[in-house]
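> Mind having a look at this structure? Questions to follow.
Read-outs: derived from the displayed coordinates by stated rules, not from any lab. Please read these numbers as outputs of a predicted model, since none were measured by experiment. Using ideal geometry, Cβ is built from the backbone for each residue, glycine included, and neighbour counts are taken over all protein chains shown.
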Amino acid sequence: NIKIAPHTVEVDNNFKCGDLQMIGWPQLLVAPLETTTSHLCSVRLFDLNREKVCGIFCGTQGSISCGKQYCVSSHNSIFAMDGGIGVVFDTRTFQPSFALHTSGCDQILGVPTNGTPVAFTYGGEDIRCWDLRMPGSHVYTMATGNTIVESLLWHEGTSSLLASTRSDHVVSFGNCGGYMYGDSISEEEQEEVLRFDFWPKRAIHEKTYFGTPWHCDCQSMPAMLQYAFQNGRGMHERVKINRRVGAQGVCIPQAQASENECNESPTHKRKRMKTSVSSPLSTSVSK
């Protein structure tokens with residue numbers, strides 16, 4: 001067996017490292033853990049070759065989350081979440097370009113397009129899409145079938161947004177019957193759960209919030225959701241759900257965002273009535 005000794009490097013004096021993301025060798029994005037010291041709340045850009053900080057992204061105040069970065073080379077942009085506020089940094093100036101007041105979201109993902117990048121914020125039972133040309137409000141709210149999104153990735157080859165989710169509305173069965181939310185349920189309630197139109201009583205959104213109800217019944221297993229965007233089409237124009245069981249028994253619903261599963265925010269709807277803006281997502285999806 002080959003033993004490799006770890007090489008320890010201090011990012012900055014008294015700096016506590018949180019999320020790490022490579023943004024192209026040798027540059028490493030280092031987010032801070034929650035700290036009460038203001039000068040240690042900024043995201044560091046660390047050079048692994050020189051083993052020193054080569055840039056500081058200013059403007060953040062607390063515990064920062066940084067996910068996968070797709071817009072560094074194409075748009076000179078870094079996406080981070082700071083206490084419910086999505087921050088988009090310009091890598092040329094190390095200053096914030098946009099601040100998105102997400103209200104209830106704790107993660108953000110930036111996706112490159114032919115024009116301005118698109119941001120997706122998540123952390124609850126929906127995904128919100130932000131057009132940075134109109135950053136005052138999100139453009140769409142995308143359904144997740146009452147599941148909580150834990151992580152998002154962008155697949156460029158199929159122009160798809162991939163969401164890893166879990167459900168808080170699972171019904172478990174034991175020797176004494178069924179349980180939901182930690183409480184026992186009757187046989188009548190058990191039969192109701194198995195109905196195709198079942199809707200959890202503790203779901204964040206109402207049954208008619210997205211138009212056509214869609215509940216992702218994963219039977220206590222994690223779910224992978226795929227939102228496929230087509231070239232030249234709005235993100236809300238059609239829906240196609242193909243529910244199957246994956247090779248390892250994981251329920252993998254594959255979905256396209258549709259008008260029935262996307263809810264346009266009132267602020268943007270008023271803006272769209274005045275000005276027609278084409279969708280910044282203009283990539284194609286393979287069939």
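> Would you mind calculating the gained length between E10 and D106 on full extension (0.36 nm times residue separation, minus the Cα-Cα distance), in nm to one decimal?
Gain on extension, E10 to D106, equals 31.8 nm.
> Continuing with the same structure: Given a Förster distance of 30 Å, report the FRET efficiency between E188 and M224 from their Cβ-Cβ distance, rounded to the nearest 0.05.
Given R0 = 30 Å and the Cβ-Cβ separation, E is 0.40.
> Would you mind computing Rg(Cα) / (2.2 N^0.38 Å) for region 93-207, counting N as its residues? Write down the numbers at each step before the final one.
Working: Rg = 18.4 Å, N = 115, 2.2 N^0.38 = 13.4 Å.
Expressed relative to 2.2 N^0.38 Å, the Cα Rg reads 1.38.
> What spacing in nm lies between the two simple spin-label points modelled at A99 and C58, each 7 Å away from Cα in the Cβ direction?
It is 1.4 nm.
> Using a 10 Å cut-off on Cβ atoms, rank the peptides 100-106, 223-229, 42-48 from the highest mean neighbour count down.
Numbers: 100-106: 16.7, 223-229: 21.1, 42-48: 18.7.
Packing proxy ranking, top to bottom: 223-229, 42-48, 100-106.
> Can I ask one more? Within region 114-134, whose backbone N sits under 17 Å from a point 7 Å along Cα→Cβ of A203?
So the set is 124-127.
> Only residues of region 198-229 count here: report those whose backbone N is under 11 Å from the spot 7 Å along Cα→Cβ of Y181, or say none.
200-204
> In what sequence, highest mean first, do 111-122, 9-20 appear when ranked by Cβ atoms within 10 angstrom?
111-122, 9-20
> Ok, one more. Identify, among P112, G182, T91, the residue whose Cα sits farthest towards the positive end of the charge dipole of region 80-198, taking +1 on the Cβ of Lys and Arg and -1 on the Cβ of Asp and Glu, with the dipole about the Cα centre.
My answer, from the dipole projection, is T91.
> On the principal axes of its Cα set, how long, how wide and how thick is region 1-96? Give whole Å, largest value first.
46, 34, 22
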